[in-house]
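A.B. asks: One structure, pasted below without further comment.
The values are calculated or read from the model by the stated rules, or taken from the named source; none is laboratory data. Keep in mind it's a predicted model, so treat the numbers as computed, not measured. Here the Cβ is made from the backbone with ideal geometry for all residues, glycine too, and neighbour counts use every protein chain on show. Each accessible area value is taken on the protein alone, full model and side chains, heavy atoms only, with ligands, DNA and RNA left out. Shrake-Rupley method; radii C 1.70, N 1.55, O 1.52, S 1.80 Å.
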Amino acid sequence: MILTQSQVSAVFSAGIVFVFTVVLFLSGYVLQQRTVHSLQAAIRPRLPKPLPAPKPIQPPTLDVKWARPIGAHPEGDEKLQHFMAEQALDWSRLGYVQVVREPLELCSAVMLLADLHKMRSPAKRILLFPRAWLRQMEDETAVDMYTTRRLLKTAVRMHGVTLMPMETIVDGADESLASSYSLASLYSLTTYERLVYLQQPGSLVDPSALDSLLAFSRSEPMAAYPATAEREDMSTSLLIVHPSDKDFRRLKEARTSQAMTDLELFRKAFTTPNSLISEWSLSMGNVVYDSHQLRDAIDGFNATVFEAATTFVRFSDPEIPGPEYDLPFYERMALRPKNEEAREAWGKLYDRFRQRRMEVCGLDLETYSRPGQADEEDEGTEV
Ligand SMILES: *[C@@H]1O[C@H](CO)[C@@H](O)[C@H](O)[C@H]1NC(C)=O
């Protein structure tokens, strides 16, 4: 076949058009794939680092007070490795839970769950709140429930929180009283295998140690953070629980027969030290740190090392009613740690709380007035 010159050039230009189209398509495709990959990387939950090797690791020696004795893990290395390999991780059955008994507690709880979301913990986020609120919120004219409704909506829409209404722990108790609700309701969440509870108000610095504990620990009915280094008592600052109907019924019955605080209830229902988080698990660093301890920091304290080694800080300065209150400047100055690095860490914790409160809850700090005689009666049922 003989082609004329014009036919040749037509075929030739069609070829060029085709080649360019392919090049354009390919470059677009490559670009798109890159965007998809970076998007996937951005939304992929951060997987927890495995627990530290069962050989004793040195805890960060930031100051002598923190140096916790390291307990040997009860199992041999091989057994543990085997156990970890066997664990089929189902993140939908592992979660962080917050319990709010009154509207005042809601913002701090949502903040913690929002931080877990932001720090890309792969576990679920659950919020237990009084069922009575649902009824009160239906009444659109209830102005006092406006913030509550808004915060619950934000929790679900912005931070992927699952809302779980709870009943009073004693059947028929006054639904409007915070003291009618109990942490024992954690045990009613039986669709979950393990749940971490952190007491508020606090500041989450890095959840990866807790993610590891959730992922790789055996389910125990109760693993509580020890109240002291001597491990003679439990605290409610951090709990890891395995919910079950049996324990829920047991706790409910005990609480019905006698009024008591949650801590008293748990002390009665679970034995110490068996129901404490193992020393080995806590050797990862400062899993729970009390903010007032920063005031005892000794020379050589390093704020960078502190942050890297800390999971959760509980606001516990006895003179400060809570981080949600705006303390007069001079009072705050007087309370700051003397050590320069510790002061920096301390100030950062309170400042961050204030900032997150605004970002997450849209709330400014509460004005604080020294408790008069009127307020003092209000001391309460807090655990
Ligand atoms: C704190 O520790 C970090 C990391 O180890 C180090 O780079 C920094 O210089 C230390 N800061 C002080 C004030 O010693």
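A.B. asks: Counting only residues that are open to solvent by 60 Å² or more (accessible area, probe 1.4 Å) and either within 17 Å of the chain's Cα centre (by Cα) or more than 16 Å from the ligand (Cβ to nearest atom) (or both), how many does region 286-313 have?
C.D. replies: Selection size over region 286-313: 5.
A.B. asks: Considering region 97-138 alone, what residues qualify as being out of contact with any Asp or Glu (no Cβ under 8 Å at 6 or more places or on another chain) and part of a loop (DSSP other than H, G, I, E, B)?
C.D. replies: Passing the criteria: VAL100, ARG101, GLU102, ARG120.
A.B. asks: Here is a further query. Return the residue satisfying two criteria in turn: it lies in region 328-342 and is closer than 16 Å to ASP299 by Cα and open to solvent by 60 Å² or more (accessible area, probe 1.4 Å), and of such residues it is nearest to the ligand (Cβ to nearest atom). First the steps, then the outcome.
C.D. replies: To start, the set of residues in region 328-342 that are closer than 16 Å to ASP299 by Cα comprises 336-342.
Still in the running and open to solvent by 60 Å² or more (accessible area, probe 1.4 Å): 336, 338, 340-341.
Numbers: ARG336: 17, LYS338: 16, GLU340: 9, GLU341: 6 Å.
By that ranking, first place goes to GLU341.
A.B. asks: I would also like to ask the following. Kindly evaluate SER281 against the criterion of being part of a loop (DSSP other than H, G, I, E, B), away from the ligand (no atom under 16 Å from the Cβ) and open to solvent by 10 Å² or more (accessible area, probe 1.4 Å). Step through it out loud before you land on a result.
C.D. replies: Details: part of a loop (DSSP other than H, G, I, E, B): no; away from the ligand (no atom under 16 Å from the Cβ): yes; open to solvent by 10 Å² or more (accessible area, probe 1.4 Å): yes.
Here the answer is no, as SER281 does not meet what is asked.
A.B. asks: Would you mind finding the one in TYR289, TYR368 that is touching a strand residue (DSSP E or B) at 6+ places or on another chain (Cβ under 9 Å) and within 23 Å of ASP206 (Cα to Cα)? Even if it seems obvious, please write down each step before you answer.
C.D. replies: On the way: TYR368 fails: within 23 Å of ASP206 (Cα to Cα).
Going through TYR289, TYR368 in turn, just one is touching a strand residue (DSSP E or B) at 6+ places or on another chain (Cβ under 9 Å) and within 23 Å of ASP206 (Cα to Cα): TYR289.
A.B. asks: Which one of the conditions (1) surrounded by fewer than 21 Cβ atoms within 10 Å (Cβ to Cβ); (2) modelled with pLDDT of 55 or more; (3) touching a Phe, Trp or Tyr at 6+ places or on another chain (Cβ under 7 Å) does ALA88 fail to meet, given that it meets all the rest?
C.D. replies: If we test ALA88 against (1) surrounded by fewer than 21 Cβ atoms within 10 Å (Cβ to Cβ); (2) modelled with pLDDT of 55 or more; (3) touching a Phe, Trp or Tyr at 6+ places or on another chain (Cβ under 7 Å), just (3) comes out false.
A.B. asks: If you check ASP364 against the conditions, is it within 16 Å of the ligand (Cβ to nearest atom) and at pLDDT below 95?
C.D. replies: Spelling it out, it is not the case that ASP364 is within 16 Å of the ligand (Cβ to nearest atom) and at pLDDT below 95.
A.B. asks: May I pose another question? So the check is Cβ under 9 Å with 6+ separation or different chains; which pairs have a first residue in region 281-306 that's without any contact (Cβ under 8 Å) to a residue 40 or more places away in the chain and a second one that's open to solvent by 60 Å² or more (accessible area, probe 1.4 Å) and within 13 Å of the ligand (Cβ to nearest atom)?
C.D. replies: THR304/GLU341
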